[in-house]
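Undergrad: The structure's right below; bear with me while I get my questions together.
The values are calculated or read from the model by the stated rules, or taken from the named source; none is laboratory data. Small disclaimer: the values here were computed from a predicted structure and weren't measured. So basically every Cβ, Gly included, is an ideal-geometry build from the backbone, and we count neighbours across all protein chains shown.
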Amino acid sequence: MSPGAPPAEGGPERTEDGRYILVRGRRWRATDPLLEESVATALRSELGRARSALRTTRDPEVVAAWRARVQLAKEGLGERGEAWWTLSEADRLGRAEQRLQELTARKAPGTAG
């Protein structure tokens, strides 16, 4: 692996093709750069909320529900599921919007109501 591209605006180092970030020598799929910032921000917010909840949740059913939310957010960001660079622009944007809609339509796991 080459040393990679310089970090984007103070972010993590990227591979030369921009598809992966490098963190402590490990390669992770980068967020789809095509996403509108508002959508990416909302998906990152959902991801952070789910990860935070996972640190304190012990009920296995609730843990599974929060993990499903992490999966949806990561798919929306293009970091999981089919690689964003293999999809058309419309499919990439549609996937992000659809995952965000799913997340916002669901109630938070472990909450009443």
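Undergrad: Limited to the stretch 29-50, what total is found for residues that are surrounded by 18 or more Cβ atoms within 10 Å (Cβ to Cβ), of a type outside the set (D, E, K, R) and not in a helix (DSSP H, G or I)?
TA: 3
Undergrad: Another question, if that's okay. Assess whether Gly76 counts as being in contact with a helix residue (DSSP H, G or I) (Cβ under 8 Å, 6 or more places away or on another chain) and in a loop (DSSP other than H, G, I, E, B).
TA: No: the conditions fail for Gly76.
Undergrad: Got at least one residue in the stretch 47-59 being under 19 Å from Tyr20 (Cβ atoms), in contact (Cβ under 8 Å) with a residue 60 or more places away in the chain and out of contact with any Phe, Trp or Tyr (no Cβ under 9 Å at 6 or more places or on another chain)?
TA: Scanning the stretch 47-59, I find no residue that is under 19 Å from Tyr20 (Cβ atoms), in contact (Cβ under 8 Å) with a residue 60 or more places away in the chain and out of contact with any Phe, Trp or Tyr (no Cβ under 9 Å at 6 or more places or on another chain), so the answer is no.
Undergrad: May I ask you to list pairs of residues, at least six apart or on different chains, whose Cβ atoms are under 8 Å apart, with the first in the stretch 92-113 being assigned by TED's automatic domain parsing to the domain that holds Ala42 and among the small types (Gly, Ala, Ser) and the second being in a loop (DSSP other than H, G, I, E, B) and surrounded by 13 or more Cβ atoms within 10 Å (Cβ to Cβ)?
TA: Ala96/Asp32; Ala96/Leu35; Ala96/Gly78
Undergrad: A follow-up question, please. Would it be correct to say that Glu82 is part of a helix (DSSP H, G or I), acidic (Asp, Glu) and at pLDDT 95 or above?
TA: Judged against the criteria, Glu82 is not a match.
Undergrad: Given the conditions (1) under 15 Å from the mean Cα position of the chain (by Cα); (2) free of Cβ contacts under 8 Å to residues at least 40 places away in the same chain; (3) crowded, with 16+ Cβ neighbours inside 10 Å, and given that Leu87 satisfies all but one, which numbered condition is not satisfied?
TA: The failed condition is (1).
Undergrad: To continue, here is another question. Is at least one residue of the stretch 53-69 closer than 23 Å to Gly11 by Cα and not in a loop (DSSP other than H, G, I, E, B)?
TA: Taking every residue of the stretch 53-69 in turn, none turns out to be closer than 23 Å to Gly11 by Cα and not in a loop (DSSP other than H, G, I, E, B).
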